[in-house]
1. Of the numbered conditions (1) part of a helix (DSSP H, G or I); (2) modelled with pLDDT of 90 or more, G159 satisfies every one except a single condition; which is it?
2. Here are R95, R144: which of them is free of Cβ contacts under 8 Å to residues at least 60 places away in the same chain and of a type in the set (K, R)?
3. Quick check, is K194 under 24 Å from D303 (Cα atoms) and of a type in the set (D, E, K, R)?
4. Has the stretch 140-150 got at least one residue that is within 29 Å of A283 (Cβ to Cβ), of a type outside the set (S, T, Y), in contact with a Lys or Arg (Cβ under 9 Å, 6 or more places away or on another chain) and not assigned by TED's automatic domain parsing to the domain that holds P258?
5. Consider only pairs whose beta carbons are under 6 Å apart and that are at least six residues apart or on different chains; among these, list those whose first residue lies in the stretch 270-298 and is farther than 23 Å from A183 by Cα and whose second residue is aliphatic (A, V, I, L, M) and surrounded by fewer than 24 Cβ atoms within 10 Å (Cβ to Cβ).
6. Among P297, P270, which is the only one that is assigned to a loop (DSSP other than H, G, I, E, B) and touching a helix residue (DSSP H, G or I) at 6+ places or on another chain (Cβ under 7 Å)?
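The values are calculated or read from the model by the stated rules, or taken from the named source; none is laboratory data. Since this is a predicted model, take the numbers as computed values, not measurements. Every residue, glycine among them, receives a Cβ derived from its backbone with ideal geometry; neighbour counts consider all protein chains shown.
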Amino acid sequence: MACASLHCAMAPLSVASSSYVVRTQSARIFVSRIQPGVWEKAGAKRLRASSQENATVVKNRSIYTSASSARENATVVVTREQGKNGKLMNALSARGINCLELPLIEHKEGADYPKLAQTLRETEFEWIVITSPEAATVFLSGWRAAACPKVRISVVGSGTGEVFEEMKDNLDKLEVAFTPSKATAKVLAVELPKLEGGNGAILYPSSAKAGSDLETGLIARGFKVLRLNTYSTESVKSLDQDKVAAALAAPVATFASPTAVRAWVELLGPWNGAAACIGTTSAKAAKTAGLSKVFCPDSPGIDGWVESVMEALESHALDRSLTRLGLRVYPDLNSFLKIGRVEKWSRSGERSEHQDSVSGSLAAMALEWLALALVAGAEAILLTLLTLPGLEGLRKGLIQVAQGLLQPMLAAVPLALFLGVDIFWKIQNMPEVHGHPGEMEKQAKSLLKSQRNGLLVITTLFLYWLLFRVTRMQIRLEHLQQQAAKTKRVD
């Protein structure tokens with residue numbers, strides 16, 4: 001009966017979850033990302049907080065109770081190079097998150113760095129493309145050595161652009177003229193404009209370990225690309241063992257490069273936490289390295305990175321809650337229980353840059369089949385006990401228990417237990433902010449939950465009614481058999 005109830009509980013939940021994913025994907029608004037503040041449109045598909053005006057916060061605390069729970073004694077490991085973790089740590093500290101700084105990488109001068117200054121002095125480029133803050137810092141060093149020639153720059157995203165914003169005294173020579181709609185090398189290669197009268201020459205100062213997507217895409221469009229490997233990202237050679245022990249106990253670690261992911265695996269070994277990556281390149285490296293719970297934003301940047309950390313912490317908090325409830329029989333069981341954990345897919349069927357440990361994963365699909373198999377097995381066992389001859393004693397005991405448990409009035413007891421668990425789950429996931437454009441999404445989510453609860457109630461009551469009728473019929477058959485046996489003995 002418990003397995004059958006689990007089956008009935010999961011089926012409507014999957015339907016509700018799917019509906020919410022479609023709505024959320026189309027709007028690109030994630031209720032789990034609502035934060036206090038004014039909300040403004042960014043492009044056509046993303047909302048983000050900008051200030052503290054025109055919004056009403058019901059309680060001055062984290063939006064998610066689950067996020068609040070996640071912060072209790074939770075530590076996030078930051079792994080960038082020494083001195084480069086400050087911005088992320090400050091953003092997480094503002095959310096009440098404890099940070100452990102464990103630098104896993106260090107930057108070294110690349111083989112082509114000595115050529116950078118001379119190249120800038122001797123060659124005029126239509127564009128200089130910069131794809132990371134470190135590449136920007138190294139480029140500026142060579143640019144100063146070249147006597148600060150006038151250049152036109154394209155940066156991959158706002159984080160990289162901030163490095164140039166600090167050069168306010170040289171804005172007449174440093175023209176940051178283009179940023180793609182999405183902070184990835186592939187999108188930059190597609191969207192970089194060709195200038196009328198330009199020579200088509202592009203300088204690409206990069207890490208020696210950077211991929212070839214950008215230069216390949218630009219060359220395919222007819223640009224002439226000169227790549228200079230001006231720096232290299234290397235793993236550190238040793239770590240403080242006390243920090244290593246603390247890091248392995250942390251539920252979430254952050255990664256900004258594939259090198260950091262590889263360093264973590266090589267230097268720290270097996271770990272069951274969640275990886276919060278700055279972008280898809282690091283996320284793919286984390287999956288390749290064998291990390292099972294990987295989160296990353298749609299577009300690289302501090303804001304999205306912080307939200308990925310929060311999602312990872314929420315996942316950790318949910319796992320802890322399920323463990324306390326005795327429900328966590330499989331690491332991906334939260335895929336069934338958490339609406340709002342969204343994995344987005346492009347129209348072509350390819351998974352976009354987002355977290356992988358969600359309901360669309362193969363592991364969750366396998367768990368669904370496992371649950372269905374368990375339900376089918378339980379039903380087969382019950383059918384065997386109720387029908388096969390030679391099991392009268394066991395069958396009578398089962399019928400008596402079922403008759404007592406499945407009385408219509410007593411059926412409210414397990415139903416109340418289920419609704420209690422559902423209320424706990426809702427408290428863990430319901431945001432507590434109102435007065436912002438995300439309110440409609442919250443209402444839509446609440447409506448879907450109500451629909452799900454209605455389906456669950458109807459399905460559960462029908463199940464109990466059906467089993468009650470079956471047991472009553474079985475009891476009547478037993479009585480008829482007994483009467484027939486008595487009549488036969490009398491005759």
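1. If we test G159 against (1) part of a helix (DSSP H, G or I); (2) modelled with pLDDT of 90 or more, just (2) comes out false.
2. Just a single option satisfies the conditions, and that option is R144.
3. Details: under 24 Å from D303 (Cα atoms): no; of a type in the set (D, E, K, R): yes.
No; evaluated as a whole, the condition is false for this residue.
4. Going through the stretch 140-150, the residues within 29 Å of A283 (Cβ to Cβ) turn out to be 140.
Keeping just the survivors that are of a type outside the set (S, T, Y) gives 140.
Retained after the next criterion (residues that are in contact with a Lys or Arg (Cβ under 9 Å, 6 or more places away or on another chain)): none.
No: the stretch 140-150 contains no residue that is within 29 Å of A283 (Cβ to Cβ), of a type outside the set (S, T, Y), in contact with a Lys or Arg (Cβ under 9 Å, 6 or more places away or on another chain) and not assigned by TED's automatic domain parsing to the domain that holds P258.
5. Within 6 Å, the pairs are W271/L248; A289/V265.
6. On inspection, the qualifying residue turns out to be P297.
Here's the yes/no breakdown for (1) at pLDDT below 85; (2) β-branched (V, I, T); (3) assigned by TED's automatic domain parsing to the domain that holds G211:
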| position | (1), (2), (3) |
| --- | --- |
| I278 | no, yes, no |
| P300 | yes, no, no |
| W305 | no, no, no |
| L325 | yes, no, no |
| N334 | yes, no, no |
| L337 | yes, no, no |
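Residues are listed down the side, and each one gets a yes or a no for (1) under 29 Å from the mean Cα position of the chain (by Cα); (2) buried (at least 18 other Cβ atoms within 10 Å of the Cβ); (3) in the same structural domain as Y113 (by TED's automatic domain parsing); (4) not in a loop (DSSP other than H, G, I, E, B):
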| site | (1), (2), (3), (4) |
| --- | --- |
| K194 | no, no, yes, no |
| G197 | no, no, yes, no |
| L203 | no, yes, yes, yes |
| G211 | yes, no, yes, no |
| G217 | yes, yes, yes, yes |
| L228 | no, yes, yes, yes |
